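Reviewing the structure listed below.
Where a number appears in this text, it was derived from the coordinates with a stated rule and is not lab data. No experiment lies behind these values; they were computed from the predicted model shown. Positions of Cβ are generated from backbone atoms using ideal geometry, with glycine treated the same way; all protein chains shown enter the neighbour counts.
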């Protein structure tokens, strides 16, 4: 991993709230809000990978799309390279979109089946006018293929002619075309088999080692993959960040009860350790973001909950060594 300490932040997400209105009836009367994000604050440094983990529906993807300004936040703000995205006019977004890109979860549906692979990878070069002529365009496309672990003679093939792992490499090549500072990796390995997952993780890591200013927001529910690739990890629950720290610190000194439950559910390849370690089984269902519980949103399922947890929302506070936790019991 590259060293990221002391660098100015590439991305600052401050007090981010993203509420989606719920409407019913013929008049589409608003009856409430789905609180997809509720006061999220995180940062990403140049050359850093921030892992974002949590159950499905906790708001991970919404964070990524808010950074890209696919969504306009209800409150709070996102700053990219020191500039607030909310202050950027629609007509000026294009220059930021070159510096930010995304790798989607499903390599089967994120590539246009009507275009060949070269056109898919080269499209950002044309949109952002990064090449001057056809020769420069062809050479850059071939270079992106090689960088992503694909043969440069595959440019004329169509997406259906590639395997799942190769399609995801195509997605990575397309994401690299604009020479971005930040790539949002939204569950990039969940649709792949285990061997392909390892190859994509190694590819992302190699690209970052070759360009120490390239940053990732790595969104996943795979805790082992996040541990492998991330410098820091943020754990989300019901639209909030409940724990944030360096990857090694989080996995060796887990503090929040929800994080402990997540880690206990992760399989361990050592059968001796797997047989002896304790499992934390959470009771109840995840509350709805339409009507989250008062106080700590995790307290209805928490095995450490006390009276204070149902009355006051815990702040995400530094408990030492850059380790942040939002829990009254820590």
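Looking across the stretch 105-136, just one residue is without any contact (Cβ under 8 Å) to a residue 40 or more places away in the chain, buried (at least 16 other Cβ atoms within 10 Å of the Cβ) and over 19 Å from residue 158 (Cβ atoms), and that is 131. Criterion first (over 17 Å from the mean Cα position of the chain (by Cα) and surrounded by fewer than 16 Cβ atoms within 10 Å (Cβ to Cβ)) does residue 145 satisfy it? When the stated conditions are applied, residue 145 does not pass them.
Restricting attention to the stretch 137-159, and to residues there that are in contact (Cβ under 8 Å) with a residue 40 or more places away in the chain and part of a helix (DSSP H, G or I), which single residue is farthest from residue 190 (Cα to Cα)? Break it down into steps so the answer makes sense when it comes.
Initial filter on the stretch 137-159 (in contact (Cβ under 8 Å) with a residue 40 or more places away in the chain): 147-149, 156-159.
From the residues that got through so far, the ones that are part of a helix (DSSP H, G or I) too are 147, 159.
Details: 147: 22, 159: 19 Å.
Only one residue tops the list, namely 147.
Scan the stretch 280-303 for residues that are loosely packed, with under 15 Cβ neighbours inside 10 Å and either outside any loop (DSSP other than H, G, I, E, B) or touching a helix residue (DSSP H, G or I) at 6+ places or on another chain (Cβ under 7 Å) (or both) and the total you get is 5. Listed by position, the strands (runs of 3 or more DSSP E) contained in the stretch 21-105 that have at least 1 residues being over 30 Å from residue 251 (Cβ atoms) and touching a strand residue (DSSP E or B) at 6+ places or on another chain (Cβ under 9 Å) are 29-44, 75-80.
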